Amino acid sequence: MNQGVHRVDSAVPMPSRDYLPYVLSLIDRAERAVLATVFIIDPRPETDLGENVRLLLDTLARAHWRGVDVRVIVGNSSQTPAIELADRVARRYLEGLGVPCRPYAGGGAYGSLHSKYLVVDDVAVVGSHNWSHQALCLDDELSLAVRSKDLSGELRAVFERDWDRAAPRGDEAGGAPASAPAPKPGPQTGPEAPVGIGGGLPRDLEQALIGLATTSHPALALGPTEAAPLASALYRLAALVGGEPLDGGPLADPAGLSAFVVAAADQGLRRHRTGAAAGTADATGGSAAAEPTEPAARMLAEVVAAIKAATLDPAPGGGRAILPEKAAYIGRLSQRAAALKVFADAASGEVDWAGLVSRSAYLDVATRLLRSAQREVKIVMFFMTYRRGGSLPTNLLVEEVAAARRRGCEVTVVLDLDRPGDPYGSRHINLAAYRYLRSQDVNVTWDNRGWVTHTKLLVVDGRDILCGSHNWTAGSLRTYDDQSLVLRSSALAAALTGAQGVTALALPAPQAG
């Protein structure tokens, strides 16, 4: 193939619910950069039922606070009001945590974002997962995490191009309105520095926060300079939880605060108490903690009380305690991530090469792969359009699938079938391709598992893999900004198409009417 290919250290398949724990672990380990472009990010409480999207965004924020270059491009779908609203809420949520986020601005013929990828240091994650409850918890999805310095560098260049085109507008300028710049970390010069969020931090308060950020998490080994951004972030969080407006914007959801912030505030408060708080014997021989008197310590006490009230204490009326439940859930995700690493080591095997397939280049790459097929073709596709005698670019792909069958290849195609009440129209969109392929003796079936099959996967001859966000539609092949990966790996192909792989979801389907 002439497609630019790169050396690969490893490739990890992340089907369906395996995506969330693996991506969380990647972000937690990030050292330099986390750059994400995602079509749909939906943290709205009424739709983010398990708070998994907010967990992802909070994890991004923690990476940002420790100095990692974290930036997000989110879809800007004016044609679909529900998606536009979800993405607007996501931008405001990230801005409230100080994470730079911009709406996709397109360029040339590519006016709509449909990509779902992120670059974490030298790892490129590309696939079908949106950041929504539906994608993370319910749908059949597939993404791949490929460790390759050159491939991740190419994808990072794509991100930087789109980031530059997405010029900030007002309150979309990376976390604060242009009229009220975010506070800069580091000591302020002058006693008149205001306490307000839009200004600087008082010297004693800032130094206290830097102290707690330096000492509260030994694994980070932060010095005062490195801790300053985290200190500023903790101060901003304290204001949010305490009910003060952040730069005049809406309040972030306090339920997303992490146990780390609580522990940091606790330890910082203990460090900055007055001498009497260091331990004064009371009448019973115990240690009595005096109320802090210095301004910084008083502020820290308020931080602790506000955060605990918002996240640890039961809600009025005997409601659930939010943070312990979330901490237990995060623990389970961490265990799943550890198990995934074992699976990844076994599943990825040797990867000969991998390449990035951007936008309309997918048509050429997929066509060449199909024409090269000698033994078998396996496809799982959310949308596959076909119009006999028409000019759809997908006609070429569908007809190449039929041609492979005529050459004697074993061909299996799985298409999504709507559940009752689904808004996607998959059966209507896919029906013409389904009927044509059946007429060409292709083993084509509907997904009958009762949920959405949102995967976009092509595997040829048990070694060549094409996977990403491209559907087989005219939009994906002509006007949508989609990204996919092409890889050669027999071991990875076997993991994806074997008895437990994503193509195993195909079940005998009734004859289409």
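What follows is calculated from the coordinates using simple rules that are stated; it is not laboratory data. Since the model is a prediction, treat every value here as computed from it, not as a measurement. Positions of Cβ are backbone-derived with ideal geometry, glycine not excepted, and every protein chain shown enters the neighbour counts.
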Check on Arg91, over 28 Å from Thr453 (Cβ atoms) and in contact with a Pro (Cβ under 6 Å, 6 or more places away or on another chain):
no
Which residues, taken from region 433-467, are over 18 Å from Thr412 (Cα atoms) and in contact with a helix residue (DSSP H, G or I) (Cβ under 8 Å, 6 or more places away or on another chain)?
Trp451, Val452
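This table checks each residue for (1) basic (Lys, Arg); (2) more than 16 Å from the chain's Cα centre (by Cα); (3) in a helix (DSSP H, G or I); (4) surrounded by fewer than 20 Cβ atoms within 10 Å (Cβ to Cβ).
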| site | (1), (2), (3), (4) |
| --- | --- |
| Pro43 | no, no, no, no |
| Glu46 | no, yes, no, yes |
| Leu49 | no, yes, no, yes |
| Val53 | no, no, yes, no |
| Leu56 | no, no, yes, no |
| His64 | no, no, yes, no |
| Ser77 | no, yes, no, no |
| Ala82 | no, yes, yes, yes |
